[in-house]
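This report refers to the structure that appears directly beneath it.
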């Protein structure tokens with residue numbers, strides 16, 4: 001999967017909505033797809049998550065995140081994987097967090113449907129998963145957050161939604 005969005009750190013004001021939509025507990029395994037510096041995962045641990053996994057394609061972000069984990073003594077709680085999310089097993093997740101453009105959401109939909117177990121919660125920032133009806137939405141300062149619970153309710157345009165969205169933001173590709 002190409003990089004669907006250039007990494008932009010999530011401002012602190014936009015961290016809380018993820019956890020308002022998907023509160024964490026000690027039994028949760030939280031995955032952040034495109035984890036950047038890991039700030040969402042560190043927040044998830046602070047809210048009581050049992051384990052966190054970040055998947056990030058940028059080697060510099062992964063290196064910095066791993067150093068932060070070591071310095072905080074959280075090696076047993078957070079793992080950062082350097083790689084393409086499409087090549088990673090996300091099935092252990094009970095919560096998935098991400099901020100990707102529409103084309104990334106469209107590309108991930110089949111992977112979510114294939115790998116995630118019933119009850120897994122997904123929170124997408126800014127761009128909805130095409131063809132899925134959110135269980136809940138939240139708007140903060142003009143930014144939308146979408147909660148989906150597997151298996152999600154499908155929209156009327158489910159069959160065509162991915163085709164219409166898959167290339168919508170291809171011009172946003174960053175090498």
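Coordinate-derived values only; no laboratory data. The model shown is predicted, which means the values in this text are computed figures rather than measured ones. Note that each Cβ is placed from the backbone with ideal geometry, even for glycine, and that neighbours are counted across all protein chains shown.
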request  = Compute the acute angle (0 to 90°) between the alpha-carbon long axis of helix 59-71 and the principal axis of greatest extent of the alpha-carbon atoms of the chain; round to the nearest 10°.
outcome  = 40 degrees
222 nm mean residue ellipticity, helices alone, for the chain (DSSP H n ≥ 4; -39,500 (n - 2.57); rounded to 500) = -8000 deg cm²/dmol
remark   = Calculating volume of the Cα convex hull per residue in Å³ from this structure picks out, from (i) 107; (ii) 190; (iii) 164, entry (i)
inquiry  = To check you understand DSSP bridge types, tell me what percent of the beta bridges within the range 25-172 (both residues inside) are antiparallel, rounded to 5.
reply    = 40 percent
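Normalised by the number of residues in the chain, what is the relative contact order in percent for Cα pairs under 8 Å and 6+ residues apart? Before the final figure, lay out each step's value.
On the way: 352 pairs, mean separation 40.5, N = 175.
RCO, the chain: 23 percent.
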ask   = By how many nm would the segment from residue 135 to residue 88 lengthen if fully extended, with 0.36 nm per residue of separation less the alpha-carbon distance?
value = 14.4 nm
message = Cut-off is 10 Å between beta-carbons; in what order do 35, 71 appear when sorted fewest neighbours first?
response = 71, 35
